[in-house]
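**Q** Structure below; questions to follow.
The values are calculated or read from the model by the stated rules, or taken from the named source; none is laboratory data. Since this is a predicted model, take the numbers as computed values, not measurements. All Cβ positions, glycine included, derive from the backbone under ideal geometry; neighbour counts span all protein chains shown. Ligands, DNA and RNA are excluded from the accessible area calculation, which covers all protein heavy atoms including side chains. Shrake-Rupley method; radii C 1.70, N 1.55, O 1.52, S 1.80 Å.
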Amino acid sequence: RRQRALLWAVLLAAWGVAWGQLRYSVPEEMPKGSFVGDVAKDLGLQLPALSDHSVRVVSEGRAQHFALHVKTGHLVTAERIDREQLCESVQRCVLRCELIVEGEMKFYEIEVEITDINDNAPSFRETDKELRVSEMTAPGSRFPLREAQDPDSGRNSLQSYELSGDEHFSLAVQAGPGGDQRPELVLTKALDREETALHELVLRASDGGDPALTGTARIRVTVVDANDNAPVFSQSEYTVRVPEDVPVDSVLVTVTATDADEGLNGHVKYSFHKISDRASELFHLDFESGKITVKDNLDFEKISSHELEVQAHDGGELFDTAKVIITVIDVNDNVPEISVRSALSEISEDAPSGTVVALLHVQDRDSGVNGEVRCSLDGNVPFQLRSSQGSYYSVVTARELDREQVSEYNVTVRAADGGSPALQSSAVLSLRVLDVNDNAPVFAQERYSARVAENNAAGALVLTVLARDADWGQNARVRYRLWEGRVRGAPLSSYKFDMDAERGTITLTEPLDFEDTKGYVLLVEARDGGGLVAHCEVEVEVLDVNDNPPEV
């Protein structure tokens with residue numbers, strides 16, 4: 001039956017795209033990999049671009065319910081989804097996720113409604129109910145019965161009850177304040193213990209599925225002698241407000257009922273008459289004292305209010321019912337969560353101001369002031385935060401960067417909530433600054449001078465010049481050369497000065513002659529790997545040696 005229901009429910013409808021948001025619907029319990037929606041078509045994305053731009057799907061919370069099929073552009077289920085497990089007591093079950101396009105620094109919100117299938121039959125918490133009814137009970141008396149539970153929704157939820165087994169009893173169904181059906185056992189014919197001391201009945205609950213699923217409970221009615229006073233609660237409704245961090249085993253409230261009878265007929269015991277599955281895991285009722293205590297940690301973010309019904313019954317099974325409303329108060333017990341949806345690892349130092357380097361999502365599961373989050377950046381860094389749509393923030397450059405001053409940044413993003421004291425968390429973004437050729441070489445001296453004796457041999461060192469470049473890598477590699485010039489009308493190269501392009505050394509290629517030329521002015525050029533240049537002058541003075549005899 002469950003497979004037939006799944007096959008019948010494989011009708012998916014895209015709700016459209018509005019303001020960057022996609023909406024789809026899919027039945028629960030679909031196999032992993034089932035089609036949810038054509039994201040690529042609905043957003044107008046080209047299929048080859050999906051893998052090129054590192055497109056991925058991020059779900060709220062830790063569980064990832066959906067995934068993106070990169071080859072087809074389809075949003076598919078990442079696991080089998082149980083609507084009743086994810087959306088307990090919620091009429092419309094909607095799961096949210098985001099489609100992150102990292103290369104374009106874009107995101108799209110996606111809502112997927114999980115529709116119900118009839119995969120749960122109605123069930124009774126008590127499959128065997130024991131009732132003790134006085135034989136003096138007047139026809140028309142009513143006895144509330146425990147309701148059946150069906151976690152499905154709509155027509156697949158609980159729809160009807162029917163009773164079988166005895167002419168002394170019939171079934172009435174009352175509508176509760178929330179529209180729920182409350183079965184009651186009605187005494188239609190006077191009882192006679194001497195004639196029949198035990199009546200056995202069967203209560204059947206049915207849902208509206210096709211085919212309908214049912215659950216049953218057996219009711220055993222024992223006829224006892226008269227008990228003419230029922231217990232009476234001190235108040236019809238008990239209300240209590242407790243913080244969500246109340247310790248386990250704490251007493252929340254004590255319900256009290258009194259019975260005017262004596263002995264066993266006046267001995268009152270307490271029990272839960274109506275309670276949800278989750279509330280039964282959180283609260284304990286002492287059947288003798290009426291104390292309601294906490295047996296597990298409360299969580300405002302999951303359920304903020306619990307409504308219970310407590311029944312007081314005496315030894316003759318007469319009873320009274322009271323309502324208990326427990327309101328959970330939020331405390332600041334959740335730190336803000338920072339998720340780095342997309343981030344750069346390196347950026348060019350000439351990137352314009354306003355360049356996006358990271359996309360962050362910040363949330364706090366608390367409510368009110370405790371859930372209000374403020375974000376900031378630590379230290380004096382050339383970046384700033386910009387608030388984007390919803391809970392998203394962008395980290396952008398506040399000005400142009402300079403690699404020669406700072407070559408790497410560790411940017412700390414801090415999020416603090418509005419609680420007292422405030423809770424905070426942080427995330428660190430590591431960003432390396434890439435070099436551009438924005439610095440020309442700089443000579444250690446604008447003008448160099450050297451004194452060289454004439455007749456020095458070829459290869460003799462004249463002097464060494466030095467230029468430095470603040471850039472990095474190839475942009476900082478400096479090479480030297482002599483600019484062509486003229487001395488006494490002759491090309492400088494004819495004087496055979498030579499320069500080492502890597503080391504910056506100037507040497508002689510032949511001996512100099514003081515009697516011919518007493519000095520030279522050379523122009524040296526330094527060029528980096530990006531084409532930026534610098535110049536300096538080198539003055540070479542030729543020293544005379546006694547290499548000429550007197551002439552008569």
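**Q** How do 269, 106, 32, 518 stack up against each other in accessible area, from largest to smallest, with a 1.4 angstrom probe?
**A** 32, 518, 106, 269
**Q** Return the carbon/sulfur percentage of the accessible area of the chain, one whole number, probe 1.4 Å, all protein chains in place.
**A** After summing per-atom areas, the C and S share lands at 47 percent.
**Q** While we're on this one: Sort 41, 274 from largest to smallest accessible area, using a 1.4 Å probe on the heavy atoms of the protein chains.
**A** Most to least solvent-accessible, the answer reads 41, 274.
**Q** Amide H of residue 348 versus every other amide H placed in the peptide plane: which residues, excluding those fewer than 5 positions away on the same chain, fall under 5 Å?
**A** Here the answer is 434, since their amide H atoms fall under 5 Å of that of residue 348.
**Q** Right, something else. To the nearest 20 debye, what is the magnitude of the charge dipole of segment 500-552 about its Cα centre, counting +1 on the Cβ of each Lys and Arg and -1 on the Cβ of each Asp and Glu?
**A** Computed about the Cα centre, the dipole is about 320 debye.
**Q** Please tell me the relative contact order of segment 305-406 in percent, rounded to the nearest whole number, where contacts are Cα pairs under 8 Å and at least six residues apart.
**A** 24
**Q** Could I ask something else about it? Which value, in Å to one decimal place, does the Kirkwood hydrodynamic radius take for segment 128-224 when every pair of different Cα atoms is included?
**A** 14.3
**Q** For the ranges 186-198, 158-170, what's the packing order if you count other beta-carbon atoms within 10 Å of each residue, average per peptide, and put the highest first?
**A** My ranking of the peptides, most packed first, is 158-170, 186-198.
**Q** Now, a different point. Using the Karplus equation 6.51 cos²θ - 1.76 cosθ + 1.60 (θ = phi - 60°), what ³J(HN,Hα) coupling, rounded to whole Hz, does each residue of segment 356-361 give in order, writing x for Gly and Pro?
**A** 7, 10, 7, 10, 10, 10
**Q** While we're here: In square nanometres, what is the average projected area of the Cα convex hull of segment 505-552?
**A** For segment 505-552, averaging the hull's shadow over all directions gives 4.7 nm².
**Q** Can you work out the accessible area per residue across the chain, with the rest of the protein chains kept in place, probe 1.4 Å, in square angstrom?
**A** 52
**Q** Still on this structure, I have one more. Would you compute, from DSSP H runs of 4+ residues alone, the mean residue ellipticity of the chain at 222 nm, taking -39500 (n - 2.57) per run and dividing by the full residue count, rounded to the nearest 500? Spell out each step's value before the answer.
**A** On the way: 5 runs with 28 residues, N = 552.
Dividing the helical sum by the residues of the chain leaves -1000 deg cm²/dmol.
**Q** Something else: Using a Debye calculation, one point per C-alpha and no hydration shell, please list log10 I(q)/I(0) for the chain at q = 0.06, 0.10, 0.11 Å⁻¹ in order.
**A** Calculated log10 I(q)/I(0) at the listed q: -0.58, -1.01, -1.10.
**Q** Shifting gears a bit: Do any of 32/106; 269/323; 291/323; 269/291; 129/274; 129/291 go past 22 Å between their Cα atoms, and which?
**A** Result: 32/106; 129/291 exceed 22 Å.
**Q** I would also like to ask the following. With θ set to phi - 60° and the Karplus curve 6.51 cos²θ - 1.76 cosθ + 1.60, what are the ³J(HN,Hα) couplings of segment 455-461 in order, to the nearest whole Hz, using x for Gly and Pro?
**A** 6, 4, 6, 4, x, 5, 6
**Q** Still on this model: About the Cα centre, and with charges only on the beta carbon of Lys, Arg (+1) and Asp, Glu (-1), how big is the dipole of the chain? Nearest 20 debye, please. Don't skip to the answer; put the middle values down first.
**A** On the way: 54 positive and 94 negative charges, 229 e Å.
Using only the charged Cβ atoms, the result is roughly 1100 debye.
**Q** Using the Kirkwood radius over Cα pairs, work out the Stokes-Einstein diffusion coefficient for segment 337-434 at 4 °C and 1.567 mPa s, in µm²/s as a whole number.
**A** Working: Rh = 14.0 Å.
After rounding, the answer is 92 µm²/s.
**Q** If contacts are Cα pairs under 8 angstrom and at least 6 residues apart, what is the relative contact order of segment 232-329 in percent?
**A** With pairs under 8 Å counted, the relative contact order is 39 percent.
**Q** Any lysines with Cα under 23 Å of the residue 496 Cα? List them, leaving off those in the same chain fewer than 8 positions away.
**A** Here the lysines satisfying the reach criterion relative to residue 496 are 518.
**Q** Enumerate cysteines in the chain without a disulfide-compatible partner, where compatibility requires another Cys Cβ under 4.7 angstrom.
**A** Cysteines lacking a close Cβ partner in the chain: 97, 375, 536.
**Q** If packing is taken as the average count of other Cβ atoms within 10 Å, what order do 459-472, 61-74 fall into, highest mean first?
**A** Numbers: 459-472: 17.3, 61-74: 15.6.
Order by mean packing, descending: 459-472, 61-74.
**Q** A further question follows. Considering only DSSP beta bridges whose two residues both sit in the chain, what percent are antiparallel, to the nearest 5?
**A** Here the share of antiparallel DSSP bridges comes out near 80 percent.
**Q** Do you know the relative contact order of the chain, to the nearest whole percent, from alpha carbon pairs under 8 angstrom that are 6+ apart?
**A** 8 percent.
**Q** Between segment 23-85 and segment 141-155, what is the separation of their alpha carbon centroids in Å?
**A** Between the Cα centres of segment 23-85 and segment 141-155 lies a distance of 37 Å.
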